[in-house]
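Colleague: Next up is a structure, given as structure tokens.
The values are calculated or read from the model by the stated rules, or taken from the named source; none is laboratory data. In this text the structure is predicted, and so the values were computed from the model without any measurement. Cβ sites come from the backbone with ideal geometry, for glycine too, and all protein chains shown count toward neighbours. Calculation scope for accessible area: heavy atoms of the full protein, side chains included, ligands and nucleic acids excluded. Shrake-Rupley method; radii C 1.70, N 1.55, O 1.52, S 1.80 Å.
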Amino acid sequence: MARPRSPKGRAQRTHERLKDEYEAVCELVHRNPFELLVATILSAQCTDVRVNATVPALFEKYPDAEALASCDLVELEELVHPTGFFRSKARNLQGMARQLLADHGGEVPSRLEELVKLPGVGRKTANVIRSVAFDLPGLPVDTHVGRLVRRLGITEEEDPVKVELALNPMIPQYERGDFSLRLILHGRRVCSSRKPACDDCVLNDYCPSAFVA
């Protein structure tokens, strides 16, 4: 098979090959959109493993927006302490819950414009919620996604929003979330930041950074 020569060609080839390698699974533990939103806010500057170890007790005590909105902030800080930046995360979680009650009847909205207005929710988090919880178009760009698409020569953009906007036309809209999830898994398991395992990479025959990154 000929090597893809254009950024769009590399994106599409990557999309197809990673389909065979990974099931598109969000590794954050959740049972509904509210729990996913909480877990994603907590995942900032924290591993999914640490978040997953933290949220069961959190969800048991505060299972919905109403419970979280009225909780004791100090107790909430203690629960989320293991995820780091616990004071700001606790404030954001409580502010998010109160805004859900005030503006959305306690339910998580699906529109990007409404999600990014919630405390602690940026475009990446909003795209996670849209694509994973609601099966809507959304391409979250985290550090793994940004690193891999630059290594693959798909885009040179550094800003996550610009990366997302560059990728969107290259991937079918309802497959963008799965594309992001698979890139994240590949970044964690094979194409690490410090020592990519190029020998084990299914993209190494056309990746311009293979064996030199």
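Colleague: State, in angstrom, two size descriptors of segment 1-71 derived from its alpha carbons: Rg to one decimal place and Dmax to the nearest whole number.
Modeller: 18.2, 59
Colleague: Next up: Mind scanning K19/K117; K89/K124; K8/K195; K89/K195 and naming the pairs with a C-alpha gap bigger than 22 Å?
Modeller: Pairs exceeding 22 Å: K19/K117; K8/K195; K89/K195.
Colleague: Using a 1.4 angstrom probe on heavy atoms only, work out the carbon and sulfur share of the accessible area of segment 1-127 in %. Please list the in-between numbers first.
Modeller: Working: 3220 of 6730 Å².
So the carbon and sulfur contribution to the accessible surface is 48 percent.
Colleague: At a temperature of 4 °C and a viscosity of 1.567 mPa s, determine how fast segment 113-159 diffuses translationally according to Stokes-Einstein, using the Kirkwood radius over alpha-carbon pairs as Rh; express D in µm²/s, rounded to the nearest whole number.
Modeller: Answer from the Stokes-Einstein relation: 112 µm²/s.
Colleague: If you count, for each residue, the other Cβ atoms within 10 Å and average over each peptide, how do 85-98, 150-163 line up from highest to lowest?
Modeller: Peptide ranking by packing, descending: 85-98, 150-163.
Colleague: Explain nothing, just the number: dipole magnitude of segment 39-81 about its Cα centre with +1 on each Lys and Arg Cβ and -1 on each Asp and Glu Cβ, in debye rounded to the nearest 20.
Modeller: 200
Colleague: Now for a separate question. Give the Rg/Rh ratio for the chain, taking Rg as the radius of gyration of the Cα atoms and Rh as the Kirkwood radius, to two decimals.
Modeller: 1.01
Colleague: Here is a follow-up. Treating each Cα of segment 15-114 as an identical point scatterer and ignoring solvent, apply the Debye formula and state log10 I(q)/I(0) at q = 0.12, 0.17, 0.23 Å⁻¹.
Modeller: -0.41, -0.75, -1.22
Colleague: Which value, in debye to the nearest 20, describes the size of the charge dipole of segment 71-176 about its Cα centre when Lys and Arg Cβ atoms bear +1, Asp and Glu Cβ atoms bear -1, and nothing else is charged? Show your work: numbers first, answer last.
Modeller: On the way: 14 positive and 16 negative charges, 46 e Å.
Value, rounded to 20: 220 debye.
Colleague: Something else now. Putting +1 on Lys and Arg Cβ atoms and -1 on Asp and Glu Cβ atoms, find which of L100, Y62, V116 reaches farthest to the positive end of the dipole of segment 61-116.
Modeller: V116
Colleague: Taking the simple approach of a point 7 Å from Cα along Cα-to-Cβ for both A102 and N52, what is their distance in nm?
Modeller: So the two model labels end up 3.5 nm from each other.
Colleague: If you average the C-alpha positions of segment 80-134 and of segment 1-77 separately, how far apart do those two centres end up, in angstrom?
Modeller: Result: 12 Å between the Cα centres.
Colleague: Run the helix sum for the chain: -39,500 (n - 2.57) per DSSP H stretch of 4+ residues, divided by residue count, reported at 222 nm to the nearest 500 deg cm²/dmol.
Modeller: Numbers: 11 runs with 112 residues, N = 213.
Helices in the chain give a 222 nm mean residue ellipticity of -15500 deg cm²/dmol.
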